[in-house]
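These notes concern the structure reproduced below.
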Amino acid sequence: MSRLIVISNRVSAPKAKSAAGAQGGLAVALSAALRENRGIWFGWSGNETEQYEGKLDMQRHDGVTTVTIDLERQDIDEYYNGYANRTLWPLFHYRIDLAEYERTFGSGYERVNELFAEAAAPLIEPDDLVWIHDYHMIPLGKMLRDRGIKNRIGFFLHIPWPPTRLFVSLPYHERLVRTMLDYDVIGFQTQEWLESFVHYIEKELGGTVDADGTVHCEGKTVLARAFPIGVDFDEFTAATKSPEAKAAHDQLKASSLDKKVLIGVDRLDYSKGVEERFHGYERFLTRNPDQREDVVLLQIAPPSRGEVHTYREIRERLETLSGHINGAFAEVDWVPIRYVNQGYPRAALAGLYRASAIALITPLRDGMNLVAKEYVAAQDPDDPGVLILSRFAGAALQLKDALLINPYSNDEIAEAIAQALAMPLAERKRRWQSMYENVRDEDVIWWRHDFVDALKG
Ligand code: GDG
C-alpha cells in the first residue's frame with residue numbers, strides 16, 4: 001500500500017489520543033488516513049524562527065508522523081499574512097476590493113513554497129502519494145516536479161475558485177495557474193468552483209476539458225473534479241452524546257429560558273457575512289416587535305488572522321454593531337445578541353448546536369462551510385432545528401432542504417427567521433431528514449477515499 005504524504009500550511013494532527021476529539025474534522029480524517037498508510041503530514045509549525053536553516057522537527061504521535069518547519073518573520077509576513085491572506089483569500093472570495101497586489105507578497109509566496117519543496121522533497125519515496133492542500137500551496141506541486149519528484153501529486157482547494165473576470169485582476173495569474181498543470185488531480189469543493197476553473201483554462205490558456213474533467217493544456221493533462229468535503233460524522237455524533245455536550249446544552253437552555261436560540265459559529269472573517277447577519281437579525285427584530293423577546297442570537301466568533309488589518313477592522317465593526325443592536329433593543333432581563341469572541345471545545349459546540357432552534361449561517365462566499373453540516377449532525381431527530389443557509393456557501397449545493405437565502409438581503413434573512421420560527425414540526429423533520437442523510441453519507445471519510453482513489457489513478 002502506498003504511503004500518503006499530506007502537505008498543508010499548518011499541521012494539525014492530534015497531539016495525543018485524548019486530544020483527537022478537540023481537533024477539526026479535517027485533522028481527524030487526515031490523521032486516520034495517515035495512520036492507515038504510515039504517512040507523513042508536513043507543514044509550517046506556526047512558529048517563528050530568527051533564521052531558517054532547513055531544520056525539520058519530526059514527531060510521532062498516535063501513529064501519525066508530523067514534520068514541521070519554522071518560518072522567518074519576513075516569510076510569515078509576505079507569504080502567510082501577505083499573499084495567502086491579503087491577496088488570494090479575498091480574491092478567491094470575490095472581494096477584489098480587499099485584495100492587495102504587493103509585489104513582495106508574490107515573491108515571498110514563491111520563496112516559501114520553494115522552501116517547502118526543498119524540505120519536503122527528500123521525505124518522498126518512489127511509491128508515495130502526495131496530497132497538497134489549499135491556497136497557500138498552489139505552486140508546490142510544480143516545485144516538487146522541478147526537484148525530480150515523479151510521484152502522483154494531488155491538490156485540493158478548500159476555498160472557492162473565483163470567476164475568470166475577477167481572477168484576471170491578479171497580476172501574473174497565468175503563471176500561477178500554469179503551475180497547477182503539473183498536478184495529476186485537482187479537487188474543488190463544488191461543481192461551481194470547478195466550472196470557474198474550467199472556464200479560465202479554456203478562455204485564458206486555450207486548453208480543452210473533456211466531459212470527465214480531464215484537462216488538456218499546454219501539453220499537460222490533469223484531472224479536475226469536485227470532491228465536496230464533509231464532517232467526521234461518527235466523531236461528531238459521538239461528541240453530541242458526551243457529558244461535555246450535555247453540560248453545554250443544558251447551560252444554554254437554562255440561561256435562555258423558554259426563548260428560541262439562533263446560533264452562528266464562524267471564525268471571525270469578513271467572508272462569513274456576520275455583519276450582514278446582524279443586520280438581517282436587526283430587521284427581524286424591527287419588523288416583529290411581538291416576537292422580539294422570544295429569541296436570542298448566540299454568535300460565537302473566535303478571532304483569526306489578527307495580524308491582517310482587514311480582520312482587525314471587521315472585529316471592530318462587529319463589536320460596534322452588536323453593541324448598537326443590543327443598546328437599541330435590550331430590556332432589563334433580555335439582550336438580543338450574545339456575541340462571544342472565544343472558541344469552545346468541539347464537544348461543547350455540539351451541545352450548543354443541539355440546544356439551538358435555528359442555525360443562521362450566512363457567508364457571503366464559502367468553499368463549503370462545515371458548521372452547517374455539523375449543525376445538522378447534532379440535531380435531536382424528534383425535535384430538529386432549522387438551518388438557514390447562504391446560497392453562496394458550497395454546502396448549499398448539497399443541503400438543498402435548508403432555508404436558502406441571499407446573505408446580502410436583510411429582508412431575506414429576516415423573513416427566513418420568521419419562517420423558521422413558525423415552521424411546523426413535520427416540516428422541520430422532513431427537511432432535516434434529507435439533510436441528515438447527506439451529511440451522514442457524504443462525510444469526511446467518504447471525501448478522503450474519493451480523492452485518494454482518484455489520486456491513485
Ligand atoms: C475552510 C473553508 C471549508 C469554529 N469555531 C469553533 C470551532 N470552529 C470550527 C467549526 C468548523 C471549522 O471550525 C470551520 O470550518 P468552516 O468550514 O466553517 O470554515 P473555514 O475555517 O473557513 O474552513 C470552508 C473548510 O475549509 C473545509 O474544507 O468548509 O469553506 O473556508 O469545523 O466547528 N471549533 C471549535 N471551537 C470553536 O469555537 N472547537
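The values are calculated or read from the model by the stated rules, or taken from the named source; none is laboratory data. Fair warning: this is a prediction, and the values are worked out from it, not measured in the lab. Every residue, glycine as well, gets a Cβ built from its backbone with ideal geometry; the counts of neighbours run over all protein chains shown. Just the protein is used for accessible areas: all its heavy atoms, side chains included, with ligands, DNA and RNA removed. Shrake-Rupley method; radii C 1.70, N 1.55, O 1.52, S 1.80 Å.
Could you list, in sequence order, the residues of the stretch 197-208 that are crowded, with 17+ Cβ neighbours inside 10 Å and either in a helix (DSSP H, G or I) or at pLDDT below 95 (or both)? Those that are crowded, with 17+ Cβ neighbours inside 10 Å and either in a helix (DSSP H, G or I) or at pLDDT below 95 (or both): Phe197, Val198, Tyr200, Ile201.
Confirm whether Tyr353 is surrounded by fewer than 22 Cβ atoms within 10 Å (Cβ to Cβ) and touching a residue at least 12 places away in the same chain (Cβ under 8 Å).
Taking the combined requirement at face value, the residue does not satisfy it.
Might you let me know whether the stretch 106-113 holds any residue that is farther than 18 Å from Tyr200 by Cβ, hydroxyl-bearing (Ser, Thr, Tyr), out of contact with any Asp or Glu (no Cβ under 6 Å at 6 or more places or on another chain) and crowded, with 18+ Cβ neighbours inside 10 Å?
Within the stretch 106-113, one or more residues are farther than 18 Å from Tyr200 by Cβ, hydroxyl-bearing (Ser, Thr, Tyr), out of contact with any Asp or Glu (no Cβ under 6 Å at 6 or more places or on another chain) and crowded, with 18+ Cβ neighbours inside 10 Å.
Scanning the stretch 243-257 for residues that are over 20 Å from Leu297 (Cβ atoms) and open to solvent by 20 Å² or more (accessible area, probe 1.4 Å) gives Pro243, Glu244, Lys246, Ala247. Residues that are in contact with a strand residue (DSSP E or B) (Cβ under 6 Å, 6 or more places away or on another chain), within 16 Å of the ligand (Cβ to nearest atom) and farther than 30 Å from Glu437 by Cβ number at least 1 in the following strands (runs of 3 or more DSSP E) confined to the stretch 279-387: 337-340.
Restricting to the stretch 182-236, count the residues that are of a type in the set (Asp, Glu) and over 30 Å from Glu374 (Cα atoms). Residues in the stretch 182-236 being of a type in the set (Asp, Glu) and over 30 Å from Glu374 (Cα atoms): 7 in total.
The set of residues from the stretch 90-125 being over 25 Å from Asp57 (Cβ atoms), part of a loop (DSSP other than H, G, I, E, B) and not basic (Lys, Arg) comprises His93, Tyr94, Ile96, Asp97, Leu98, Ala99, Glu100, Tyr101, Glu102.
Please find, within the stretch 226-236, the residue that is surrounded by the most Cβ atoms within 10 Å (Cβ to Cβ) out of those that are in a helix (DSSP H, G or I) and either away from the ligand (no atom under 14 Å from the Cβ) or of a type in the set (Phe, Trp, Tyr) (or both). So the residue we want is Phe236.
Each row is one residue, and each column tells you yes or no for (1) under 26 Å from Trp193 (Cα atoms); (2) among the aromatic types (Phe, Trp, Tyr); (3) surrounded by fewer than 22 Cβ atoms within 10 Å (Cβ to Cβ).
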| site | (1), (2), (3) |
| --- | --- |
| Met58 | no, no, yes |
| Asn81 | yes, no, yes |
| Tyr94 | yes, yes, yes |
| Leu98 | yes, no, yes |
| Tyr101 | yes, yes, yes |
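Give me the residue from the stretch 258-278 that is hydrophobic (A, V, I, L, M, F, W, C) and closer than 12 Å to Leu297 by Cα and, out of that set, nearest to the ligand (Cβ to nearest atom). Taking the candidates together, the pick is Val265. Applying the set (1) of a type outside the set (A, V, I, L, M, F, W, C); (2) in contact (Cβ under 8 Å) with a residue 24 or more places away in the chain; (3) closer than 30 Å to Arg292 by Cβ to Ser255 leaves exactly one unmet item: (2). Could you go through the stretch 209-224 and let me know if any residue there is open to solvent by 50 Å² or more (accessible area, probe 1.4 Å), over 27 Å from Ala393 (Cβ atoms), assigned to a helix (DSSP H, G or I) and small (Gly, Ala, Ser). No.
Within this structure, Ala359 passes the test of being open to solvent by less than 10 Å² (accessible area, probe 1.4 Å) and either touching a residue at least 40 places away in the same chain (Cβ under 8 Å) or on the phi < 0 side of the Ramachandran plot (or both). Filtering the stretch 246-257 to residues that are of a type in the set (A, V, I, L, M, F, W, C) and either more than 12 Å from the ligand (Cβ to nearest atom) or in contact with a strand residue (DSSP E or B) (Cβ under 9 Å, 6 or more places away or on another chain) (or both) leaves Ala247, Leu252, Ala254, Leu257. In the stretch 398-453, the residue that is farthest from Gly154 (Cα to Cα) out of those that are open to solvent by 20 Å² or more (accessible area, probe 1.4 Å) and of a type in the set (A, V, I, L, M, F, W, C) is Ala422. Taking the stretch 365-385 as the range and being open to solvent by less than 10 Å² (accessible area, probe 1.4 Å) and among the hydrophobic types (A, V, I, L, M, F, W, C) as the test, the residues that pass are Met368, Ala372, Val376, Ala377, Ala378. Restricting attention to the stretch 258-281, the residues being open to solvent by 10 Å² or more (accessible area, probe 1.4 Å) and among the aromatic types (Phe, Trp, Tyr) number 1.
Only one entry of Glu275, Glu316 meets the criterion of being closer than 24 Å to Asp411 by Cα, within 23 Å of the chain's Cα centre (by Cα) and among the acidic types (Asp, Glu), and that entry is Glu275.
Screening the stretch 136-187 for residues that are farther than 20 Å from Glu218 by Cα, part of a loop (DSSP other than H, G, I, E, B) and within 16 Å of the ligand (Cβ to nearest atom) and picking the one that is most open to solvent (accessible area, probe 1.4 Å) gives His158.
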